[in-house]
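Got a structure for you, questions after.
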Amino acid sequence: MTTAQEVDQTVDAVVIGAGFAGMYALHRLRDDLGLDVRVFERGSGVGGTWFWNRYPGARCDVESMYYSYSFSEDLEQEWQWTERYPTQPEILDYANHVADRFGLRDTITFDTSVDRADFDEGSNTWVVTTDAGEVVRAKFLITAVGCLSTSQLPAIDGLSDFTGRILHTGQWPHEGVDLEGKRVAVIGTGSSGVQAIPEIARQAQHLTVFQRTPPFVLPAGNRPLDPENVADIKSRYRDIRESVKNSVAGTIVEYPIGSALELDEETRRRELDRRWAVGGSDIMATFTDTSVNLEANAVLADYVRERIASDVKSPDLAAHLSPQTYPIGAKRICIGTDYYTTYNRENVTLVDIRNSPITAVTAQGIVAGDEEHEVDVIVFATGYDAVTGAINGIDINGVGGRSLRETWETNPQAYLGLSSAGFPNLFFITGPGSPSVLVNVIVSIEQHVDWIHDLLIHVRDNNIDRVEAQPAAQDDWSAHIAERSQSSFLSKTANWQTGANIPGKAQVFLLYVGGMGPYRKTCDEVAAAGYTGFTLTPARQSAIA
Ligand code: N01
């Protein structure tokens with residue numbers, strides 16, 4: 001690709017994606033900085049993940065009062081969430097409301113993917129090419145493509161022979177799917193499967209769940225929001241947002257009551273029972289040592305296994321549904337409603353494929369072990385090529401024509417998760433090496449966008465032409481991520497955070513486990529010190545060079 005090619009338009013910034021990250025980036029850059037911005041979005045509407053994930057039961061497992069933008073006091077006061085955990089349609093309504101309220105839609109080009117982006121070293125600009133053939137030159141390129149947006153469909157022999165319908169939770173048909181009277185298979189029991197399974201069981205004639213690794217599922221305790229509670233939160237929203245911003249998880253979590261190994265059994269149980277009844281993920285924070293000590297971890301894991309045994313009538317089924325091979329929290333915890341009791345239904349069958357894997361799909365169904373299960377619909381709840389998948393889906397070429405995809409093949413590095421050496425003026429929102437979806441992702445997004453916004457002010461005020469992460473700073477950040485992740489069980493289990501779910505993907509822990517507050521502090525310190533770890537090249541100097 002020649003960088004001297006004809007361009008249709010020149011702008012200050014191109015943002016790829018119009019989910020929560022892209023919308024906020026557009027608002028900050030266009031409305032607060034006055035930049036000329038183009039946004040490209042492959043979907044026909046805003047909302048990103050929430051535009052695509054329309055599977056039955058889809059909901060967010062961060063509480064609605066916190067899973068929302070904090071940048072506008074008017075917005076947070078006027079918007080009315082209805083349930084503790086918001087449904088996909090309600091989140092999408094919210095995204096649409098934001099797009100309308102802030103006049104974002106006109107600046108977004110929908111139904112258009114960015115195919116490639118080439119860095120032009122002569123002008124320190126990006127030449128961005130879309131699948132519609134449009135070519136836009138931009139000083140800055142910002143990816144807002146989502147961490148869990150590239151669906152993973154396993155390569156199973158015979159899949160194309162299947163005569164029924166194949167669906168993926170992450171690409172659910174917008175017109176909905178009528179499952180009534182159908183024999184449905186769900187493959188996968190992560191967060192998506194756990195939400196979809198109870199709903200599909202209510203609709204389908206028969207549901208067969210293919211489970212490879214049983215998840216730990218905590219009860220959501222979902223309920224309509226209490227107006228008094230909402231009014232109370234809204235009256236304190238500024239303070240709450242401030243503590244959320246500096247928290248570890250990007251949300252409000254109950255404090256631990258002490259060490260699982262030091263508290264007596266009666267105290268532990270009383271608190272676990274209480275938190276289980278409240279629902280949500282706060283039970284994970286009951287003790288100080290659950291995530292760092294295996295013996296302490298087992299206290300909570302045993303408690304959940306006991307709950308599974310009491311919810312599921314068949315002891316044999318309960319045993320298959322009980323995770324035994326990894327500590328609780330070592331795979332992302334799932335929050336569900338009626339998950340375990342769904343397996344008591346007459347029309348639900350569990351197929352444990354751990355020891356008898358799926359070997360083929362036939363015209364009629366799925367073969368696991370020596371049995372064929374005939375179905376009409378196969379729902380893949382098999383997850384995503386996470387964090388790097390959507391960025392690598394774009395052919396990005398930096399200094400010297402170096403491909404980002406190839407650069408990241410063995411080690412997807414980005415300094416602060418924001419910027420990769422050799423790819424100047426390119427910023428990732430929730431990129432590899434940032435807290436991103438390990439915490440409340442909207443809090444991550446706002447932090448990233450605000451930080452980029454401030455950097456661009458610095459760039460403007462200092463007549464800077466080129467911003468590039470230094471390789472040494474990037475290496476140090478990667479070493480820091482690796483070191484921090486060693487303290488987490490997440491990094492020691494096969495899951496999407498380690499790249500283990502994608503055949504051939506680099507096995508690198510992709511996220512920053514140190515928490516939102518500490519991450520924010522580091523980014524702020526970098527900025528306050530004049531953007532240490534970045535090489536900032538003034539316009540005149542780079543023009544001479
Ligand atoms: O995907 P996953 P997900 N044959 O990768 C199984 C966010 N999210 O879409 O564990 C058979 O977690 C795989 O088995 P195993 C959230 O961050 C949030 O559910 O690898 N099975 C696993 O059971 C979440 O973590 C929300 O052994 C195969 C499942 O498929 C992330 O998205 C809702 C297989 C994949 O689980 C991803 O969740 C939904 C194969 N070949 C998602 N390949 C909320 O906010 C994979 N599996 C609530």
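For the chain, build the charge dipole from Cβ charges (+1 Lys, Arg; -1 Asp, Glu) around the Cα centre, then report which of ALA99, SER487, PRO256 sits farthest towards its positive end.
Towards the positive end, the residue furthest out is SER487.
In nm, what is the difference between 0.36 nm times the number of residues separating LYS313 and ALA132 and their Cα-Cα distance?
Extending this stretch completely gives an extra 59.6 nm.
Can you tell me, using C-alpha contacts under 8 Å and at least 6 residues apart, the relative contact order of the chain as a whole percent?
Relative contact order here is 19 percent.
Also, quick follow-up: On the first, second and third principal axes, largest extent first, how far apart are the outermost C-alpha atoms of the chain in Å?
Projected onto its principal axes, the Cα set of the chain covers 75, 56, 43 Å.
How big is D, in µm² s⁻¹, for the stretch 467-527 by Stokes-Einstein at 10 °C and 1.306 mPa s if Rh is the Kirkwood radius over C-alpha pairs?
124 µm²/s
Which whole-Hz couplings ³J(HN,Hα) result when phi for each residue of the stretch 134-146 is put into the Karplus expression 6.51 cos²θ - 1.76 cosθ + 1.60, θ = phi - 60°, listed in order with x for Gly and Pro?
7, 10, 10, 9, 9, 5, 10, 10, 10, 8, 10, 9, x
At 1.4 Å probe size, with the rest of the protein present, what percent of the exposed accessible area of the stretch 197-238 is carbon and sulfur atoms?
Details: 900 of 1900 Å².
After summing per-atom areas, the C and S share lands at 48 percent.
With Cβ to Cβ distances under 12 Å as the rule, what net charge do the other residues near CYS60 carry (K, R +1; D, E -1)?
Numbers: positive: ARG59, ARG84; negative: ASP61, GLU63, GLU83, GLU90.
Net charge around CYS60: -2.
Report the calculated FRET efficiency for HIS480 and HIS458 (r = Cβ-Cβ distance, R0 = 22 Å), to the nearest 0.05.
For HIS480 and HIS458, the calculated efficiency is 0.40.
Same structure, new question: Using a probe of 1.4 angstrom, how much of the accessible area of the stretch 253-313 is carbon and sulfur, in percent?
Carbon and sulfur atoms account for 51 percent of the accessible area of the stretch 253-313.
Any idea of THR410's accessible area? Nearest 10 Å², probe 1.4 Å.
Here the accessible area works out near 110 Å².
To continue, here is another question. Arrange the peptides 528-536, 211-219 so that the one whose residues have, on average, the most other Cβ atoms within 10 Å appears first.
Packing proxy ranking, top to bottom: 211-219, 528-536.
At 0.36 nm per residue, and after removing the present C-alpha to C-alpha distance, how many nm does the segment from ASN411 to SER160 gain when stretched out fully? List each step's numbers first, then the result.
Working: separation 251, 0.36 × 251 = 90.36 nm, distance 3.30 nm.
Full extension of this stretch gives 87.1 nm more.
Follow-up question, since we're still on this one. Expressed as a whole number of Å, what is the distance separating the alpha-carbon centroids of the stretch 346-388 and the stretch 126-167?
24 Å
Rounded, prolate or oblate: which fits the stretch 328-384 when a ≥ b ≥ c are the square roots of the eigenvalues of the alpha-carbon gyration tensor, with rounded for a/c under 1.5 and prolate only if a/b beats b/c?
The shape class here is prolate.
Between the stretch 395-457 and the stretch 186-255, how many Å separate their Cα centres?
A separation of 28 Å, based on Cα centres.
If you don't mind, another one. List the lysines whose alpha-carbon lies under 30 Å from that of LYS492, not counting same-chain residues fewer than 8 positions away?
Straight-line reach from LYS492, under 30 Å: LYS245, LYS331, LYS505, LYS521.
Okay, next question. At a Förster distance of 45 Å, what's the computed FRET efficiency of GLN507 paired with ASP239, Cβ-Cβ distance as r, to 0.05?
With R0 = 45 Å, the Cβ-Cβ based efficiency is 0.60.
For the stretch 127-214, which GluC sites (Glu not before Pro) are in a loop by DSSP, counting at most 12 other Cβ atoms within 10 Å?
Numbers: sites: GLU134, GLU175, GLU180, GLU199; in loops: GLU134, GLU175.
Taking the stretch 127-214 and a limit of 12 other Cβ atoms within 10 Å, the loop GluC sites (Glu not before Pro) found are GLU175.
Can I ask one more? How much net charge surrounds VAL194 when only the other residues with a Cβ under 14 Å from the Cβ of VAL194 are counted, with Lys and Arg +1 and Asp and Glu -1?
Once positives and negatives cancel, what remains is 0.
Right, here's the next one. On a 0 to 90 degree scale, rounded to 10, what angle separates helix 88-101 from the longest Cα axis of the chain?
Result, in degrees: 20.
I would also like to ask the following. Label LEU261 and GLN5 with points 7 Å out from Cα along Cα→Cβ: what is the distance between them in nm?
6.0 nm
Compute the length gained on full extension between ALA528 and THR109: take 0.36 nm times their separation in residues and subtract their Cα-Cα distance, giving the result in nm to one decimal. Show your work: numbers first, answer last.
Details: separation 419, 0.36 × 419 = 150.84 nm, distance 3.51 nm.
Taking ALA528 through THR109 to full extension adds about 147.3 nm, to one decimal.
At 7 Å along Cα-to-Cβ for each site, give me the label-to-label distance between LYS492 and GLN77 in nm.
If labels sit at LYS492 and GLN77, their model points lie 5.0 nm apart.
Further question on the same structure: At 1.4 Å probe size, with every protein chain present, just tell me what the per residue accessible area of the stretch 403-543 comes to in Å².
Ligands and nucleic acids excluded, the figure is 36 Å² per residue.
Next up: Decide, for the stretch 253-313, between rounded, prolate and oblate: order the square roots of the alpha carbon gyration tensor eigenvalues as a ≥ b ≥ c, take rounded if a/c falls under 1.5, and otherwise choose prolate if a/b is larger than b/c, else oblate.
prolate
If I take R0 = 35 Å and measure r between the Cβ atoms of LEU294 and GLU374 in this structure, what FRET efficiency does the formula 1/(1 + (r/R0)^6) give, to the nearest 0.05?
My answer for the efficiency is 0.25.
If one computes the Cα centroid of the stretch 462-500 and of the stretch 302-339, what distance in Å separates the two points?
Their Cα centres are 32 Å away from one another.
Could you state the angle between the C-alpha long axis of helix 471-486 and the longest principal axis of the C-alpha atoms of the chain, as a value from 0 to 90 degrees rounded to the nearest 10?
Orientation of helix 471-486: about 10 degrees from the principal axis.
Moving to a separate point now. For the stretch 253-313, what's the relative contact order in percent, using C-alpha pairs closer than 8 Å and at least 6 residues apart?
Reported relative contact order: 38 percent.
Could you tell me the accessible area of ARG38 in Å² (1.4 Å probe, neighbours in place), rounded to the nearest ten?
My reading of the accessible area for ARG38 is about 40 Å².
Go through the stretch 452-469 residue by residue and turn each phi into a ³J(HN,Hα) via Karplus (6.51, -1.76, 1.60, θ = phi - 60°); whole Hz please, and just put x for glycine and proline.
Result, ordered by residue: 5, 4, 5, 4, 5, 5, 4, 4, 5, 5, 10, 6, 8, 9, 8, 10, 9, 5 Hz.
The values are calculated or read from the model by the stated rules, or taken from the named source; none is laboratory data. For clarity, every value in this text was computed on a predicted model and none was experimentally measured. Note that each Cβ is placed from the backbone with ideal geometry, even for glycine, and that neighbours are counted across all protein chains shown. Please note that ligands, DNA and RNA were not included when accessible areas were found on the heavy atoms of the full protein model with its side chains. Shrake-Rupley method; radii C 1.70, N 1.55, O 1.52, S 1.80 Å.
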